[in-house]
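Okay, structure first, notes after.
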Amino acid sequence: MNEEGADWLLSSFHQLISWGASAAMIFGGIVPYIPQYRDISRTQNAEGFSVYVCLMLLVANILRILFWFGRHFEAPLLWQSIIMIATMLLMLKLCTEVRVESEISTKRRAFTDFDMNFFWHWSRFTDYMQCVLAFTAVVGYITYLSLDSALYVETLGFLAVFTEAMLGVPQLYRNHQNSSTEGMSIKMVLMWTSGDTFKTAYFILNQAPFQFTICGLLQVIVDITILLQVYLYSRYPQKPVSHITHATSAKAL
């Protein structure tokens, strides 16, 4: 009886740990963006945050969901993608509203203008939604036609996780361009690093598709590089970040 009780307790403990890990995987990805969202909302200045981060995460998670139809993986990873897409849309909505209010130019730029000079720098949140829906529809249709191709499915999975692995690159480039990390939430990057480390360990322990593990390691390297930027640029006076976005900066990351 004692042995049965011990086995039951051990089994319950393992189940609890499994549930906790799954919950951390599902919701942990959005936690780094909470302080960044609050900072932007409080200061009404979004210039320290690159909206191309939102673009990359939207693309990565849409591709990951489509990859699931060709090769099923664990449900927590699927739910993580759904919740991350919703979070990035909220970030985009806030950044767009803040930027438009601070712009001097009254000219409105729209997705349907098809002007690549202002790609992902439109004046309304609905334009971003149109772009996301168009991308999902096109890639979704191609995936539907190509589900029988193992090469296509595996390539789709690689593109999904590789795009996510490059998540920090726009922020890395923006920091380099400004020679400053002012306006960027350091808490966000620290949470990126801890979250990506946990996520990579989760991939390894749960034997996720190999694409996930390789790109998880790459993501951790990018996060650490951004933290090195924080250290290096803190040694020099940081130039102030303007609260006005000029039209000429539309193509800047």
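The values are calculated or read from the model by the stated rules, or taken from the named source; none is laboratory data. Quick caveat, the model's predicted, so the values are computed rather than measured. Every residue, glycine among them, receives a Cβ derived from its backbone with ideal geometry; neighbour counts consider all protein chains shown. Just the protein is used for accessible areas: all its heavy atoms, side chains included, with ligands, DNA and RNA removed. Shrake-Rupley method; radii C 1.70, N 1.55, O 1.52, S 1.80 Å.
For this structure, a couple of remarks:
- Once the Cα atoms are used to define both axes, helix 33-43 deviates from the longest principal axis of the chain by about 20 degrees.
- Using alpha-carbon coordinates, inclination of helix 75-102 to the longest axis of the chain, degrees: 10
- Treating r as the C-beta distance of Met129 and Trp8 and R0 as 45 Å, the FRET efficiency rounds to 0.35.
- Per-residue [θ]222 nm for the chain (sum of -39500 (n - 2.57) over DSSP H runs n ≥ 4, rounded to 500): -24000 deg cm²/dmol
- Cα-based helix-to-principal-axis angle, 2-28 vs the chain, degrees rounded to 10: 20
- Radius of gyration and maximum dimension Dmax of segment 92-148, Cα, Å: 14.5, 51
- Debye-formula intensities of segment 56-159, expressed as log10 I(q)/I(0) at q = 0.12, 0.22, 0.23, 0.25 Å⁻¹, are -0.49, -1.14, -1.19, -1.31 (one equal scatterer per alpha-carbon, no solvent).
- Inter-site label distance for Phe119 and Leu90 at 7 Å from Cα along Cβ, in nm: 2.9
- Reduced Cα scattering model of segment 142-197, Debye log10 I(q)/I(0), q = 0.24 Å⁻¹: -0.94
- Positive-pole candidate from Val161, Gln177, Val100, dipole of segment 85-184, charges at beta carbon: Val100
- Estimated translational D of segment 10-60 in µm²/s (Stokes, Kirkwood radius over Cα pairs; 37 °C; 0.692 mPa s): 245
- Per residue, the convex hull volume that the Cα atoms of the chain enclose (Å³): 147
- Probe 1.4 Å, protein heavy atoms only - accessible area per residue of segment 59-177 in square angstrom: 51
- The apolar share of the surface of segment 155-198, taken as the fraction of accessible area on carbon and sulfur atoms (1.4 Å probe, ligands and nucleic acids excluded), comes to 69 percent.
- Applied to segment 118-129, the Karplus parametrisation 6.51 cos²θ - 1.76 cosθ + 1.60 on θ = phi - 60° returns per-residue 3J(HN,Hα) values of 10, 4, 6, 9, 8, 8, 10, 5, 4, 5, 5, 5 Hz, with x for Gly and Pro.
- Rg over Rh for segment 1-125 works out to 1.19, both radii taken from alpha-carbon positions and Rh defined as the Kirkwood radius.
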